[in-house]
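Since every read-out is calculated from the coordinates, none of them should be taken as a lab result. Treat the numbers as computed from the prediction; the structure is a model and nothing was measured. Because the Cβ atoms are built from the backbone with ideal geometry, glycine has one as well, and the counts that use them run over all protein chains shown.
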Amino acid sequence: MPTQPHYTPENHQAWRLLYARMLPKWQRYANPHFLKGINALSLDPYHVPLLQDVNRFLQPLTGFRAKAVSGYVPAFQFFDCLRQREFPTTVTIRRADQLDYLPEPDIFHDIAGHVPMHTDPHFAETLVRFGECARTAAQLDTSPEQLTSIIRAMARFFWFTIEFGLMADRKVYGSGLLSSYGEIEHAIESPTVQRYPLQLEWVINQSFEIDHYQPLLFIVNSFEHLYELVSQLEQWMIQGKLNNVAPGEPLIREEDLQSFRTETHLAPA
């Protein structure tokens, strides 16, 4: 298992700058479960956190733990980690002169964006449920084309909820927004953003692009509501309703497809 690197003064400076400028944005736009989670984790605003320190506060609350990874995690392994209450966490951090945009996750996105939400029991159970959906997908008798469509539907659902979701009270819970200094405000305040109550048939057929602010966002009423939507996603999967979703982004990597096909992942739960 990867271990955390030795962080340099420049790394800690990047974390300090990121944290300091996000704090007032969180106070204004983040949902209360996130704010409670930030306090519960006792994150150091001045130093890149060690995962063992994060887990010391996180695990007693929901059983989740941050798990260090050093690179890309194929889709099935990522989702199956969620089923096992582990969150694959990038341990590198962006440079201090690249604060605004990073195409790949870093430790600020993962720890300050994702992990505070994992302190909420209802949200944590939703992540576990999503991991169970991935296991269901891997066990279905589907063609490569059908499985690719299912993975695309799951990725879209995850993107528009866990990464870029809004609550009904116009607060943010998606980690992609919670870790973005510019987009968190844009998502709530901009008149150009379309915001709609989440409809499963729309989300699974809606493509997205990662290199600009999102023009379309979806709203859930509560994390209990989100949990129910994940269960509905699994039922549609079993019924074959995800076998031919609209083409387009995201493109599914061959390694993601193969990760669902590898039988060694499917030992008894």
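With the dipole of the chain worked out from charges on the C-beta (+1 for Lys and Arg, -1 for Asp and Glu) around the Cα centre, which of Thr90, Gly63, His186 lies farthest toward the positive end? Comparing the listed Cα positions along the dipole, Gly63 ranks first.
Pick the calculated Rg/Rh (Cα atoms, Kirkwood Rh) for this structure from (1) 1.12; (2) 0.95; (3) 1.06? So the structure-derived entry is (2). With the charge dipole of the chain set up from +1 on Lys and Arg Cβ and -1 on Asp and Glu Cβ about the Cα centre, the Cα lying farthest toward the positive end among the listed residues Gln235, Val203, Ile38 is that of Ile38. Loop-located GluC sites (Glu not before Pro) in the stretch 193-269 (DSSP state not H, G, I, E or B) with no more than 14 neighbouring Cβ atoms inside 10 Å: Glu209.
So which chymotrypsin sites (Phe, Trp or Tyr not before Pro) in the stretch 35-100 end up in coil per DSSP with only 12 or fewer other C-beta atoms within 10 Å? Could you put the intermediate results ahead of the total?
Values: sites: Tyr46, Phe57, Phe64, Tyr72, Phe76, Phe78, Phe79; in loops: Tyr46, Phe64, Tyr72.
Passing sites in the stretch 35-100 are Tyr46.
Say we join alpha carbon atoms closer than 10 Å with springs in a Gaussian network model of the chain; which of Arg16, Arg85, Arg56 then has the biggest fluctuation? Residue with maximal mean-square fluctuation among Arg16, Arg85, Arg56: Arg56. Its relative contact order, with pairs defined as Cα atoms under 8 Å and 6+ residues apart, puts the chain at 22 percent. Using the Cβ-Cβ distance between Asp211 and Ala96 with R0 = 25 Å, the FRET efficiency computed as 1/(1 + (r/R0)^6) comes to roughly 0.70.
Quote the charge dipole size of the stretch 111-201 about the Cα centre in Debye, to the nearest 20; the model charges only the Cβ of Lys and Arg (+1) and of Asp and Glu (-1). Display every interim value, and only then the final one.
On the way: 7 positive and 11 negative charges, 5 e Å.
For the stretch 111-201, the charge dipole is close to 20 debye.
On the beta carbon distance between Ala246 and His6, with R0 = 45 Å, the FRET formula returns roughly 0.45.
Quick check for me: using +1 on Lys/Arg Cβ and -1 on Asp/Glu Cβ, what's the dipole size of the chain about its Cα centre, in debye to the nearest 20?
Computed charge dipole of the chain: roughly 560 debye.
Here the gap between Arg195 and Ala40, fully extended at 0.36 nm per residue and compared with their Cα-Cα distance, gives a gain of 52.8 nm.
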